[in-house]
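Report on the structure given below.
The values are calculated or read from the model by the stated rules, or taken from the named source; none is laboratory data. Fair warning: this is a prediction, and the values are worked out from it, not measured in the lab. Cβ coordinates were reconstructed from backbone atoms using ideal geometry, including for glycine residues, and neighbour counts include every protein chain displayed. Note: accessible area is taken over every heavy atom of the protein model, side chains too, but ligands, DNA and RNA are not part of it. Shrake-Rupley method; radii C 1.70, N 1.55, O 1.52, S 1.80 Å.
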Amino acid sequence: MSESRTNISTPLTELDINTTEGGFYNGFATSVAVPAKIIISALVVWAIFWPVQSGKVLNGFNGFILQNFAAWYIWVVAFFVIVSFALALWPASGRLNLGVDGEKPEFSNFSWFSMMFGAGIGVGMLTWAVAEPVAHFQSNPETIMGLTTGGAEDNIRMAYKWSFLHWGLGAWACYAICGLSLAFFSYRRGLPLTIRSGLTPLFGNSLAGILGHIIDIVAVVATILGVAQTLGFGVEQFAAGLTRIGIGGLSDADGAVTTMGIVVALLFIMGASTLSALSGVGKGIKWLSNINMVLSIVLLGFFILFGATWFGFNAFFVGIWDYLIAFPELSFNVFRTDGVDGSESFLLAQWQGWWPVFYWAWWIAFAPFVGLFLARISRGRTIREFVLGALIVPALMCFVWFSWAGGTAIDLELNGGAGGVIFDAANGDKIFAMTEFMLAPIAEALAWGMAVLIVVLLMTFLVTSADSAVLIVNTINAAGDEGPKARPHILFWGAALALVVGGLLISGGTSAIQTAMVIGALPFSIVMALMAIALVKAAYNDSRREKAGVPMTHDKIDGATSNGL
């Protein structure tokens with residue numbers, strides 16, 4: 001039956017996904033797990049054994065996507081923002097519970113906000129809170145067009161406008177759409193906790209078959225590539241940090257991570273995360289999460305109290321103002337190239353591909369990972385609570401990090417005599433270069449201790465991210481079953497993630513991972529657009545059901561009659 005008929009039916013509350021009983025793949029949907037493993041394995045073998053060919057082909061695909069789909073990435077993320085706020089502000093949908101009627105949230109607001117931030121971008125802050133404002137301070141569309149001067153004071157506001165765009169509402173709208181879809185259809189409808197469930201208002205029971213399998217395979221591949229992007233940056237920064245604290249051979253004279261550095265960092269991080277995944281989400285993960293929170297507060301407090309306090313204050317409030325004023329235009333504007341190498345339009349389109357398009361692809365690829373986590377911690381909240389909480393609070397936390405960590409770096413270079421020490425360092429090394437410049441004149445031991453703190457914080461973020469990614473991929477492969485998985489499947493995905501990161505880093509650096517991720521995110525962006533449409537349809541029809549007195553949640557619906565879309 002269809003929800004759109006005049007006499008509205010009850011929604012679909014069962015999706016019979018075939019899973020294997022007994023044997024190696026006991027409890028798994030082999031139509032998802034096996035193809036996903038084959039695709040990722042093929043990518044690993046291709047990148048490691050044919051690095052030149054794989055790099056050439058991936059770059060060709062990437063160029064094609066940037067030329068033909070840059071506008072799609074820009075506009076689809078704007079669509080996610082619009083849908084998120086529309087669902088929150090529309091009274092009929094905003095009050096709907098992400099669970100059964102009357103269900104209360106499991107976590108307090110403080111715990112909920114803390115977990116959202118840690119899951120979404122905690123590890124990214126250690127690299128990009130310093131590196132991105134610095135990068136945009138030196139070059140951005142305004143400098144390309146000659147409106148401001150790169151590296152000068154008149155460009156500070158532009159640096160923050162663009163930094164806030166990439167880590168603000170657009171980023172969190174990607175996570176919100178995916179998380180909201182998973183929570184709505186799993187906890188309200190009682191459907192499996194997997195990506196395909198979010199499309200049931202559009203495709204109904206057909207999602208139990210090959211169409212649903214393809215959707216979940218796309219989600220698994222996107223997740224692996226999205227997490228690989230995060231780990232790729234993290235591995236380089238981890239190796240840089242180990243070099244700073246005295247472990248040699250991991251970086252070359254220019255600060256670039258060596259092959260040995262990649263191998264050592266991956267063995268350490270993925271070994272620890274795989275062991276954690278094998279033990280489940282028990283005391284280890286909680287312990288690491290607590291360390292994350294304490295060390296993050298210490299590091300951020302250091303920048304606020306002993307860094308560029310007033311500069312950061314101005315950057316935060318003025319940056320938010322500039323960002324919000326420019327947000328409508330920035331969300332829809334697509335730079336078109338004239339094809340002439342070095343022309344203004346060519347450079348603007350190139351910059352947009354390097355930054356906004358890359359970020360939107362990253363957030364989309366990362367959305368199954370963060371979305372599933374957000375769904376699990378948001379059960380019992382209303383759609384309005386979820387959207388406003390998931391978009392605004394974490395975005396503000398990102399802005400705080402960018403304002404005081406990045407602001408301290410810019411202020412030290414402009415007014416503090418840093419003389420290029422921070423700007424000239426590699427992206428992953430900038431935070432270490434900055435803290436050393438600040439603390440070494442006082443005491444070398446303080447600078448070393450701060451480097452150790454950042455390395456430990458980075459390690460805990462990376463381990464928990466990789467561990468959670470393995471568990472989430474196995475949940476999707478098992479048709480939404482969150483129960484313990486057999487050891488070989490955990491070991492496979494832990495090893496696969498390490499090899500994807502290592503193979504692509506060795507063959508082409510983080511740009512190779514970036515290219516693979518932009519390509520892998522494209523099909524999932526289509527899935528997410530359909531998820532957004534399905535959410536609007538489901539919320540609209542639930543408002544009609546409420547008026548008609550028709551049951552809406554799985555606890556009130558007899559499974560035998562739950563055949564509406």
* Asked: If a residue has to be outside any loop (DSSP other than H, G, I, E, B) and either without any contact (Cβ under 8 Å) to a residue 24 or more places away in the chain or surrounded by fewer than 20 Cβ atoms within 10 Å (Cβ to Cβ) (or both) to count, how many in the stretch 6-30 make the cut?
  -> 1
* Positions within the stretch 303-329 being in contact with a Phe, Trp or Tyr (Cβ under 7 Å, 6 or more places away or on another chain) and hydroxyl-bearing (S, T, Y), in sequence order -> Y323
* **Residue satisfying condition, being in contact with a strand residue (DSSP E or B) (Cβ under 8 Å, 6 or more places away or on another chain) and open to solvent by less than 10 Å² (accessible area, probe 1.4 Å), within set R196, R188** => R188
* Structure fact -> Among V400, V357, the single one that is of a type in the set (V, I, T) and either without any contact (Cβ under 8 Å) to a residue 60 or more places away in the chain or more than 30 Å from A308 (Cβ to Cβ) (or both) is V357
* If you check F61, F80, which single one turns out to be touching a residue at least 40 places away in the same chain (Cβ under 8 Å), closer than 23 Å to V227 by Cβ, crowded, with 18+ Cβ neighbours inside 10 Å and among the hydrophobic types (A, V, I, L, M, F, W, C)? -> F80
* Verdict on L191 being of a type outside the set (G, A, S) and touching a Lys or Arg at 6+ places or on another chain (Cβ under 7 Å) -> no
* To do: Scan the stretch 111-133 and give yes if some residue there is among the hydrophobic types (A, V, I, L, M, F, W, C), closer than 30 Å to F432 by Cβ, open to solvent by less than 40 Å² (accessible area, probe 1.4 Å) and touching a Lys or Arg at 6+ places or on another chain (Cβ under 9 Å), otherwise no.
  => yes
* Structure fact -> So the helices (runs of 4 or more DSSP H) completely within the stretch 55-148 holding 1 or more residues that are under 20 Å from I383 (Cα atoms) are 91-94, 109-138
* Could you tell me whether any residue of the stretch 207-214 is open to solvent by less than 10 Å² (accessible area, probe 1.4 Å), modelled with pLDDT of 85 or more and under 20 Å from H489 (Cα atoms)? => no
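For every residue, the table says whether it meets (1) open to solvent by 10 Å² or more (accessible area, probe 1.4 Å); (2) at pLDDT below 90.
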| site | (1), (2) |
| --- | --- |
| I442 | yes, yes |
| M450 | yes, no |
| V456 | yes, yes |
| L462 | no, yes |
| A486 | yes, yes |
| G508 | yes, yes |
| S511 | yes, yes |
| L522 | yes, no |
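Residue-wise test of (1) open to solvent by 10 Å² or more (accessible area, probe 1.4 Å); (2) at positive phi; (3) in contact with a Gly (Cβ under 6 Å, 6 or more places away or on another chain).
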residue: H136; (1), (2), (3): no, no, no
residue: T143; (1), (2), (3): yes, no, yes
residue: T148; (1), (2), (3): yes, no, no
residue: D154; (1), (2), (3): yes, no, no
residue: K161; (1), (2), (3): yes, no, no
residue: C174; (1), (2), (3): no, no, no
residue: G179; (1), (2), (3): no, no, yes
residue: A183; (1), (2), (3): no, no, no
* Asked: Which residue pairs have Cβ atoms under 8 Å apart, sit 6 or more places apart or on different chains, and have a first residue in the stretch 444-462 that is over 14 Å from A240 (Cα atoms) and a second that is not in a helix (DSSP H, G or I)?
  -> L446/A440; A447/A440
* To do: Within the stretch 292-311, identify whether any single residue is open to solvent by less than 60 Å² (accessible area, probe 1.4 Å) and outside any helix (DSSP H, G or I), and answer yes or no.
  => yes
